[in-house]
Amino acid sequence: MMEQYAFASITELARSLALSNVTAESLTTFFLNRIANLNPVLHAFVCVFPEQALAQARQSDERRQQGKALGMLDGIPLGIKDLCDIEGTITTCGSRQWETRISSGTADVVQRLQAHGAVIIGKTHTVEFAFGGWGTNPLQGTPRNPWDRNLHRVPGGSSSGSGVAVAAGLVPGALGTDTGGSVRIPAALNGITGLKTTVGLVNADGVFPLSRKLDSVGPMTRTADDAALLLQALTHAPGQEVQSVMYPGCDQADQLAGMRICVLPEEDYGVPVQRAVRLGLRDMARMVDMAGATIIREAPPFNFQQAMSDCGKLIAAEGWRVHRDYIQDPDMLFGPFVRDRLMSGKSISDMQYQDLLEAHQKMQAVWTQWMADKDALMLPTTPSSAIPLAQVDESVTPLGTFTRFVNWVKGCALALPAGFDQTNLPVSVQLTGKAGDEAKLLHIGSTIQSLTAWHSYTPVVG
């Protein structure tokens, strides 16, 4: 009977809790059992907190019985990326070397979710130090994309475990971080919704950094409405009640009337893009047209490949400055590919680093000016669906082709499920906007999902 909750949205679960159709304790027990049964194969969670989670769930039930529920997140089980500190627990940041690293404090994002009554059920796997788009982790193990039961395919990174956990129904929502696509890429490859927030919108205190200029924390959920709900909790002060999403979905034909949405022309992709991705983009463009938006087609005034390269250099430069005291030590257990990426930042001089920061600043102005008469740019999230793990080439980063530029221009973006390829693997489209445009993107995303059903499809697991 509880199986109906495995792939329910957060808003649906909140409604069931409010109607007393289910208790937070039984819901948490259900998801803990799913994790126990499926995680040995999927490898989404690095650690689980059953006793603490059940205690939090019972406290939620007590509040609800007393008429003191803290809002829609009260009693909802969530996963947390293993970059986020939780006092007294181990935060490995995806590194074997750090598997005994105990946090002395709790990240602000975790405190905020707890203040709204969320049940923190465990920590999800990540690419080591969050530096990688494929989602691989050779020392801790690579999570398995749940859409292929026969072949181990990449989950996307670096928020690999969060993407797999939500897609496989191990939790209804999770936190990820995004420095060059690390929320959106796993959201795309796992067929869920992922929000890359504007840098600084969500407090990153207690979240281990890769690049302080580019890092952002964002929700990974089934729907845009759920992402909006989590975003409100992450940006409200602890104790403030969160009752409803920013833009609930509706069926009005003109709900995007007055909006101008730019669709990237296919001739401006610059790289080969899988046919299913191109078809998914066309389908999503039709949806926003049906909802009353004005569609324009224009390419941004910069090269995606160059933006990806420049963003990668800044990530490496800042990552080196974070890890330089130990990353060169050959006796420490660091993965070879992540070590090489971080070591590449050593060759970037202080002068070159300052030049990168200046270029980053200039690109923000270029993007803001180009987007002045547009509400969103729609383009692929990744050029293709998930490839087999055995085919990964760690020396290239094709999955970041359309994601890194958003970090480079200090924008925000929303990845949305957009269909499936010929082998039934999910493909994705992203909406991108100016800094601070999250609410606008979530409104467009919610509208699209009120007109499509791609976000409601689920993999066969177990």
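I need the per residue convex hull volume for the chain, using only the alpha carbons, in cubic angstrom as a whole number. Mind dumping the intermediate values first?
Numbers: hull volume 59.8 nm³, N = 462.
So the per-residue hull volume is 129 Å³.
Quick check: convex hull over the Cα atoms of the stretch 68-194, volume per residue in Å³, rounded to an integer? Walk me through the numbers before you get to the answer.
Numbers: hull volume 12.4 nm³, N = 127.
So the per-residue hull volume is 97 Å³.
If you average 1/r over every pair of different alpha-carbon atoms in the stretch 305-384 and take one over that average, what Kirkwood value in Å do you get?
14.8 Å is the Kirkwood radius here.
Please report, in debye to the nearest 20, how large the charge dipole of the stretch 1-117 is about its Cα centre when each Lys and Arg carries +1 at its beta carbon and each Asp and Glu carries -1 there. Please list the in-between numbers first.
Working: 10 positive and 12 negative charges, 25 e Å.
For the stretch 1-117, the charge dipole is close to 120 debye.
Could you sort the peptides 227-234, 345-352, 91-98 by per-residue average Cβ neighbour count (10 Å cutoff), highest mean leading? Before the final figure, lay out the partial values.
Working: 227-234: 27.1, 345-352: 13.1, 91-98: 21.8.
Highest-to-lowest ranking by the protection proxy: 227-234, 91-98, 345-352.
Just the projected area, averaged over all directions, of the convex hull on the alpha carbon atoms of the stretch 320-462: how many nm²?
12.4
Take every DSSP beta bridge whose two residues both sit in the stretch 46-142, then give the antiparallel share in percent to the nearest 5.
40
Mind running the shape call on the stretch 4-156? Use the C-alpha gyration tensor, a ≥ b ≥ c as the square roots of the eigenvalues: rounded below 1.5 for a/c, prolate if a/b tops b/c, oblate otherwise.
oblate
What number comes out for the charge environment of residue 260, summing +1 per Lys or Arg and -1 per Asp or Glu over other residues with Cβ under 15 Å away? It would help to have the intermediate numbers written out before the result.
Numbers: positive: 297, 374, 434, 440; negative: 254, 289, 298, 373, 375, 437.
Surrounding charge for residue 260 is -2.
Starting from the Cα gyration tensor of the stretch 342-423, multiply each eigenvalue by 5, take the square root, and state the resulting semi-axes largest first in whole Å.
Values: eigenvalues 155, 111, 8 Å².
Equivalent-ellipsoid dimensions as semi-axes: 28, 24, 6 Å.
In debye, nearest 20: dipole of the chain around its Cα centre with unit charges on the Cβ of K, R (+) and D, E (-)?
240
Label point 7 Å out from residue 65 along Cα-to-Cβ: which residues of the stretch 10-31 have amide N under 17 Å?
17-29
Which of rounded, prolate, oblate describes the stretch 152-196, given a ≥ b ≥ c as roots of the alpha-carbon gyration tensor eigenvalues and a/c under 1.5 marking rounded, otherwise prolate only if a/b is larger than b/c?
Cα axes put the stretch 152-196 in the oblate bin.
Counting only heavy atoms of protein chains, what accessible area per residue, in Å², does the chain have with a probe of 1.4 Å?
Accessible surface, normalised per residue, equals 37 Å².
Using the structure shown, select from 123/410; 362/440; 313/346; 81/440; 346/410; 213/440 the pairs with a Cα to Cα distance greater than 19 angstrom.
Details: 123/410 27 Å; 362/440 24 Å; 313/346 11 Å; 81/440 26 Å; 346/410 24 Å; 213/440 23 Å.
In this structure, 123/410; 362/440; 81/440; 346/410; 213/440 lie more than 19 Å apart at Cα.
Report, in debye and to the nearest 20, how large the dipole of the stretch 31-97 comes out about its Cα centre when Lys and Arg carry +1 and Asp and Glu carry -1 on their Cβ.
Value, rounded to 20: 160 debye.
Put +1 on the Cβ of each Lys and Arg and -1 on the Cβ of each Asp and Glu in the chain; which of 105, 44, 13 then has its Cα farthest toward the positive end of the dipole?
44
Going through the stretch 285-384, which chymotrypsin sites (Phe, Trp or Tyr not before Pro) have at most 13 other Cβ atoms within 10 Å and a DSSP loop state?
Sparse-neighbourhood loop chymotrypsin sites (Phe, Trp or Tyr not before Pro): 326.
With loop defined by DSSP as not H, G, I, E or B, and exposure as at most 16 other Cβ atoms within 10 Å, which is the longest segment of the chain clear of exposed GluC sites (Glu not before Pro)?
That gives 100-240 as the longest site-free run.
How big is the antiparallel share of DSSP beta bridges in the chain, given as a percent to the nearest 5? Please list the in-between numbers first.
Working: 29 of 43 bridges.
Roughly 65 percent of the DSSP beta bridges within the chain come out antiparallel.
Could you list which residues have their amide H under 5 Å from that of residue 124, counting only those 5 or more apart in sequence or on another chain, with H placed in the peptide plane?
For residue 124, the qualifying residues are 46, 80, 81, 82.
Put +1 on the Cβ of each Lys and Arg and -1 on the Cβ of each Asp and Glu in the chain; which of 457, 301, 415 then has its Cα farthest toward the positive end of the dipole?
457
Which one of 227, 59, 336 has its Cα pushed farthest toward the positive end of the charge dipole of the chain, where Lys and Arg give +1 and Asp and Glu give -1 at the Cβ?
Positive-most Cα among the choices belongs to 336.
Averaging sequence separations of C-alpha pairs under 8 Å and six or more residues apart, then dividing by the length of the chain, give the relative contact order as a whole percent. Spell out each step's value before the answer.
Details: 1099 pairs, mean separation 82.3, N = 462.
Computed value for the chain: 18 percent relative contact order.
What's the ranking of 70-76, 109-115 by average number of surrounding C-beta atoms within 10 Å, highest first? Mind dumping the intermediate values first?
Details: 70-76: 26.0, 109-115: 21.9.
Result, highest mean first: 70-76, 109-115.
Counting other Cβ atoms within 10 Å of each Cβ, which trypsin sites (Lys or Arg not before Pro) in the stretch 1-71 have at most 14 and sit in a DSSP loop?
Those that pass, being in a loop and sparsely packed, are 68.
The values are calculated or read from the model by the stated rules, or taken from the named source; none is laboratory data. From a predicted model like this one, the values you see are computed outputs, not experimental measurements. Note that we place each Cβ from the backbone using ideal geometry, even for glycine, and neighbour counts take in every protein chain shown. Ligands, DNA and RNA are excluded from the accessible area calculation, which covers all protein heavy atoms including side chains. Shrake-Rupley method; radii C 1.70, N 1.55, O 1.52, S 1.80 Å.
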